[in-house]
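Q: Below is one structure. I have some questions about it.
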Amino acid sequence: MSDQTLDPFDVGRMIPDFVAPPLTHLGLDRATIDAADVNTRQWTSHVDGPITPGSEVHLREVCRMFRETFNPYRPSVLDWPTLEPDTLHRIVSLPIWDIAVQTEGKARLRMAAYAATLSEPDMRSALALNAWEENRHKEVLSRMVAAYRIALAKEAPYVHPADTEWAYLVTGFSECIDSFFAFGLFELAHRSRLFPPELIDTFEPVMQEECRHILLFANWLAWHRARLSRWRRLVFELKVAAVWLFLGWERIGLARSFDADGNEQTQDNNFTVNGAQAVSGAKIDVRELMTLCLQENDRRFCGYDARLLRPQTMPKLVRVALRFMRKKKGS
Ligand SMILES: [Fe+2]
Ligand SMILES: [Fe+2]
C-alpha cells in the first residue's frame, strides 16, 4: 500500500499548535521495539504525595504520562506475516473490520474536534496526540486490510460533530466499554495459538495504546468535572447519563448506520461472545471470558502510577455480574 492511498487526516489542520511526534528512530530492531514497549506500559510520576484529581498537579502529570508513554512505532514497517489458508479465512471472516476502521475514523475526528475547543494547552496537546494515535490505528488497520485483501464497505464521510463535548464523551465511554472486552478477546486469541505470534505482536501496541487512551479519558473526566461550577456540573452529569443511555441503545442494536453507498450496516451486537468463539476456536463460558477481561484489564493498567484514576464502570459492572453468575450456579 502506498502512502498516497492513505486517508489524509491531519490533526495539525484542526489544532495549529500540534506537532506530530517523530517516528524515525524506531526501525525493525527487536531491542528498540522491546524498549519502546516497556516504556509505553509503565509510568510513575516523580511527584511525592497524593495527586488530587482535578488539581494542577493532576493535569500536569496526566498529560506528562500520556506524552512520555508514547510508542513511536511506524505502521509502514509493521509485519504482516503470510497466513495459512484457514487462519486467513478466520481473520477475513471476523465481522469487525468495517466497524473497526470506521470507529477509528470517527474517534480521530471527534477527539481532534474536542481538543481544538480546549484553551488549556497541556490537555489540548494530550487529546490532539490521542486523535493522532487514532489516525495511526486506522492506518494500521488499512494496511492489514490491504495485506490480507479484506473487502470493506465504502466509508461514509466523517462529519465534524456539532456538539464536540457530546461526541468526545460518546467516543471516550465507547472506548472504555470496547477496550475492556477487546483486552480479554485479544488474550484469548493469543492463548488459542490460532493466529501467528507475529500478528499478535503487530497488534499489541494498538491494544496497549487503547489502555492509555482510556486512562487519559478517565483522568480528563475527573479534571473536567473538578473545573465546573455546581450548576454546570449538574448539566454535565445529565449529559454523561444521556451518553450512557445512548451507548446502551446503540449496543442493543437499535442504532442504524449506513455506508457511503447508503447500504445499512449491520453490526454483531453479541460480538464479545461470538467473537470469543471466533478467536479461540472453541465455545467459551461467559463467566470465564468476563474473568479474563477483568484480569487483562488489571494487567494492562498495573504499570501506570496508581494515583492516576482508572475507568471504573465496566470493571465494576462485570464484577457485579460475576457475583450474580456465581450465585446462580451454586443455587
Ligand atoms: Fe483506536
Ligand atoms: Fe483509542
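The values are calculated or read from the model by the stated rules, or taken from the named source; none is laboratory data. Given the structure is predicted, the values throughout are model-derived calculations rather than measurements. Cβ: placed from backbone, ideal geometry, glycine included. Neighbour counts: every protein chain shown.
Q: Report, by residue number, each residue of the range 188-215 that is more than 16 Å from ligand 1 (Cβ to nearest atom) and either touching a Ser or Thr at 6+ places or on another chain (Cβ under 6 Å) or over 25 Å from residue 311 (Cβ atoms) (or both). Steps first, answer last, please.
A: So the first thing to find is which residues in the range 188-215 are more than 16 Å from ligand 1 (Cβ to nearest atom), and the list is 188-201.
If the condition is that a residue be more than 16 Å from ligand 1 (Cβ to nearest atom) and either touching a Ser or Thr at 6+ places or on another chain (Cβ under 6 Å) or over 25 Å from residue 311 (Cβ atoms) (or both), then 188, 192, 193, 194, 195, 196, 197, 198, 199, 201 are the ones that fit.
Q: Within the bounds of the range 180-187, is there any residue that is under 14 Å from residue 99 (Cα atoms), free of Cβ contacts under 8 Å to residues at least 40 places away in the same chain, crowded, with 16+ Cβ neighbours inside 10 Å and of a type outside the set (Phe, Trp, Tyr)? Give the derivation first.
A: Going residue by residue through the range 180-187, those that are under 14 Å from residue 99 (Cα atoms) are 182.
Add one more test, that the residue is free of Cβ contacts under 8 Å to residues at least 40 places away in the same chain, and what stays is 182.
Applying the additional criterion that residues be crowded, with 16+ Cβ neighbours inside 10 Å yields 182.
Imposing the further condition that a residue be of a type outside the set (Phe, Trp, Tyr) reduces the set to 182.
Yes, the range 180-187 contains at least one residue that is under 14 Å from residue 99 (Cα atoms), free of Cβ contacts under 8 Å to residues at least 40 places away in the same chain, crowded, with 16+ Cβ neighbours inside 10 Å and of a type outside the set (Phe, Trp, Tyr).
Q: A further question follows. Filter the range 68-117 down to the residues that are within 23 Å of residue 18 (Cβ to Cβ) and either more than 14 Å from ligand 1 (Cβ to nearest atom) or among the aromatic types (Phe, Trp, Tyr) (or both) and list them by number.
A: Residues satisfying the conditions are 68, 69, 70, 72, 73, 74, 76, 113, 114, 115, 116, 117.
Q: A follow-up question, please. Could you tell me whether any residue of the range 62-70 is more than 19 Å from residue 302 (Cα to Cα) and in a loop (DSSP other than H, G, I, E, B)? Reasoning before the result, please.
A: Residues of the range 62-70 more than 19 Å from residue 302 (Cα to Cα): none.
No: the range 62-70 contains no residue that is more than 19 Å from residue 302 (Cα to Cα) and in a loop (DSSP other than H, G, I, E, B).
Q: While we're looking at this one, here's another question. Return the only residue of 182, 189 being part of a helix (DSSP H, G or I), more than 24 Å from residue 70 (Cα to Cα) and within 18 Å of the chain's Cα centre (by Cα). Spell out the reasoning first.
A: Details: 182 fails: more than 24 Å from residue 70 (Cα to Cα).
So the residue among 182, 189 that is part of a helix (DSSP H, G or I), more than 24 Å from residue 70 (Cα to Cα) and within 18 Å of the chain's Cα centre (by Cα) is 189.
Q: Quick test for you: out of 170, 140, pick the one residue that is farther than 28 Å from residue 38 by Cβ, hydrophobic (A, V, I, L, M, F, W, C) and in a helix (DSSP H, G or I).
A: Numbers: 140 fails: farther than 28 Å from residue 38 by Cβ.
Residue meeting the stated conditions: 170.
Q: Of the numbered conditions (1) closer than 24 Å to residue 172 by Cβ; (2) outside any helix (DSSP H, G or I), residue 82 fails exactly one; give the number of that condition.
A: The single condition residue 82 does not satisfy is (1).
Q: Moving on. Within the range 173-216, take every residue that is at pLDDT below 90 and of a type in the set (S, T, N, Q) and give me the one that is farthest from ligand 2 (Cβ to nearest atom).
A: Out of the qualifying residues, it is 192.
Q: Against the conditions (1) of a type outside the set (D, E, K, R); (2) more than 16 Å from ligand 2 (Cβ to nearest atom); (3) not in a loop (DSSP other than H, G, I, E, B), where does residue 135 fall short? Just the number, please.
A: (2)
Q: May I ask you to list the residues in the range 237-249 that are among the small types (Gly, Ala, Ser) and at pLDDT 95 or above? Give the derivation first.
A: Here is the first cut: in the range 237-249, the residues among the small types (Gly, Ala, Ser) are 241-242, 248.
Residues satisfying the conditions are 241, 242.
Q: I'd like the full set of residues that are modelled with pLDDT of 70 or more and of a type in the set (Gly, Ala, Ser), limited to the range 250-279.
A: Correct list: 276, 278.
Here is a yes/no grid of residues against (1) at pLDDT below 90; (2) within 29 Å of residue 33 (Cα to Cα):
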| residue | (1), (2) |
| --- | --- |
| 52 | no, no |
| 55 | no, no |
| 58 | no, no |
| 61 | no, yes |
| 66 | no, yes |
| 79 | yes, yes |
| 82 | no, yes |
| 94 | yes, yes |
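Q: Please go through (1) within 14 Å of ligand 1 (Cβ to nearest atom); (2) more than 22 Å from residue 219 (Cβ to Cβ); (3) small (Gly, Ala, Ser) for residue 172 and return the number of the only condition it doesn't satisfy.
A: Failed condition: (2).
Q: Which number in (1) more than 14 Å from ligand 2 (Cβ to nearest atom); (2) closer than 26 Å to residue 199 by Cα marks the one condition that residue 117 misses?
A: Residue 117 satisfies every listed condition except (2).
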